[in-house]
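S.K.: This is the structure I want to talk about, given as structure tokens.
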Amino acid sequence: MKNKNKKSLGKGLSALFGEDSKTEKVSSNSPLIKAPISNLNRNKYQPRINFDEDKLNELSKSIKNNGIIQPIAVRSDKNNPGSYEIIAGERRWLAAQKAGLHEVPITIMDLDDSEVLEVAIVENIQREDLNVIEEAKGFERLKDEFGYDQERIAKLMGKSRSHISNTLRLLTLPSDVINMIQSNELTAGQARPLVGMPNASSIAEEIVSKKMSARSIENIKRTKTKSYTIDPNIFDAQRDLERKLGLRVNIQNKKNNSGKITLEYKNLDQFEFISKLLKG
């Protein structure tokens, strides 16, 4: 996304959220109506990959008994008159379908694409049941697409800067380890000690097979690797290199500020690209 879309909290977020609150709000200026459930469409900016089926069923039963208390925030679909794109409330929409509802309460908002993206990300990463990798990717999008720094994300989310930093660092793990976290084979607590370890994948497999605790993993890290520190500046440099090169990059920075940079390649084309890069 271009820089023109890198903006501060716009009318989208301020209409739905307070900066220091996790409570969803609806703008008093937004019209409240009922719409056919089939006229609502999924938000293309939705960062959530999976919805917990059991929790959806619980919400569906609640909606069947009590109706939808919090209206679904939408915007008009320019390409399909009479249809709406969901801004916030996709879980309610899915649960309402399970409950057999034909109409749902909506509030229509006038937001551009960048504002919708901000709202979609924040609405989801504020939910406690969001997978930590989905949460990390949400933080990353706020950083990359809107120019938020870690301190600003922390303030917006009501979390510590170290939580934001540690969560983002999980994205530096090998893709197979990230997949283990997403599938709940590996917890965030088990995965964090693996950040910066060159043999993270093999250790992750050992952790899963032996059902090891986070403390045991820290012991493995001390015995198998030297201790490295990744400060936010090093982390940002690592992510910038990955974006520019299109390759997995791992920067290991020791306490004396020496270290190494590792570039990973997945095929011969990437290998040749690295070779040409090094040859100048």
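S.K.: How many of the residues making up region 147-163 are of a type in the set (S, T, N, Q) and either in contact (Cβ under 8 Å) with a residue 12 or more places away in the chain or over 23 Å from Val195 (Cα atoms) (or both)?
M.R.: Number of matching residues: 1.
S.K.: Quick one: is Ile274 surrounded by 11 or more Cβ atoms within 10 Å (Cβ to Cβ) and modelled with pLDDT of 85 or more?
M.R.: yes
S.K.: Okay, moving on. For region 42-61, give me each residue that is touching a helix residue (DSSP H, G or I) at 6+ places or on another chain (Cβ under 8 Å) and modelled with pLDDT of 90 or more.
M.R.: Passing the criteria: Asn57, Leu59, Ser60.
S.K.: Quick check: anything in region 177-188 crowded, with 21+ Cβ neighbours inside 10 Å and modelled with pLDDT under 85?
M.R.: no
S.K.: Return the pair list, or none, for Cβ contacts closer than 9 Å from residues in region 123-146 that are not assigned by TED's automatic domain parsing to the domain that holds Lys44 and surrounded by fewer than 19 Cβ atoms within 10 Å (Cβ to Cβ) to residues that are in a helix (DSSP H, G or I) and modelled with pLDDT under 80, at least 6 apart or on different chains.
M.R.: none
S.K.: If the Cβ limit is 6 Å and pairs must be 6+ apart or interchain, which residue in region 49-75 that is within 9 Å of Arg92 (Cα to Cα) and aliphatic (A, V, I, L, M) pairs with which residue that is modelled with pLDDT under 90 and not in a strand (DSSP E or B)?
M.R.: Partner pairs satisfying both residue conditions: Ile72/Gly89.
S.K.: Also: Can you find even one residue in region 102-115 that is under 29 Å from Gly259 (Cα atoms) and either touching a residue at least 60 places away in the same chain (Cβ under 8 Å) or in contact with a helix residue (DSSP H, G or I) (Cβ under 7 Å, 6 or more places away or on another chain) (or both)?
M.R.: At the first step, the residues of region 102-115 found to be under 29 Å from Gly259 (Cα atoms) are none.
Within region 102-115 (the criterion being under 29 Å from Gly259 (Cα atoms) and either touching a residue at least 60 places away in the same chain (Cβ under 8 Å) or in contact with a helix residue (DSSP H, G or I) (Cβ under 7 Å, 6 or more places away or on another chain) (or both)), the answer is no, since none of the residues qualifies.
S.K.: Sticking with this one: Taking the residues in region 234-273 that are of a type in the set (Lys, Arg) and part of a helix (DSSP H, G or I) as candidates, determine which candidate is nearest to the chain's Cα centre (by Cα).
M.R.: The initial filter retains those residues of region 234-273 that are of a type in the set (Lys, Arg), namely 239, 243-244, 248, 254-255, 260, 266.
Of the ones still in play, those that are also part of a helix (DSSP H, G or I) are 239, 243-244.
On the way: Arg239: 15, Arg243: 17, Lys244: 21 Å.
Here the answer is Arg239.
S.K.: May I ask you to list the residues in region 151-173 that are outside any helix (DSSP H, G or I) and modelled with pLDDT of 90 or more?
M.R.: Quick first cut of region 151-173, residues outside any helix (DSSP H, G or I) only: 158-160, 173.
Residues satisfying the conditions are Ser160, Leu173.
S.K.: Any residue at all in region 137-147 that is part of a loop (DSSP other than H, G, I, E, B), at pLDDT below 90 and within 23 Å of Gln238 (Cα to Cα)?
M.R.: Looking through region 137-147, at least one residue is part of a loop (DSSP other than H, G, I, E, B), at pLDDT below 90 and within 23 Å of Gln238 (Cα to Cα).
S.K.: Same structure, new question: Just checking, does region 29-41 include any residue being over 21 Å from the mean Cα position of the chain (by Cα), modelled with pLDDT under 85 and surrounded by 12 or more Cβ atoms within 10 Å (Cβ to Cβ)?
M.R.: Scanning region 29-41, I find at least one residue that is over 21 Å from the mean Cα position of the chain (by Cα), modelled with pLDDT under 85 and surrounded by 12 or more Cβ atoms within 10 Å (Cβ to Cβ), so the answer is yes.
S.K.: Could you list all residues from region 94-118 that are of a type in the set (A, V, I, L, M, F, W, C) and in contact with a Phe, Trp or Tyr (Cβ under 8 Å, 6 or more places away or on another chain)? Break it down stepwise before answering.
M.R.: Kept after step one, since they are of a type in the set (A, V, I, L, M, F, W, C), are these residues of region 94-118: 94-96, 99, 101, 104, 106, 108-109, 111, 116-117.
Selection gives Leu94, Val104, Ile106, Ile108, Val116, Leu117.
The values are calculated or read from the model by the stated rules, or taken from the named source; none is laboratory data. Remember, it's a predicted structure, so these values are computed and weren't measured experimentally. Cβ atoms come from the backbone with ideal geometry, glycine included; neighbour counts cover every protein chain shown.
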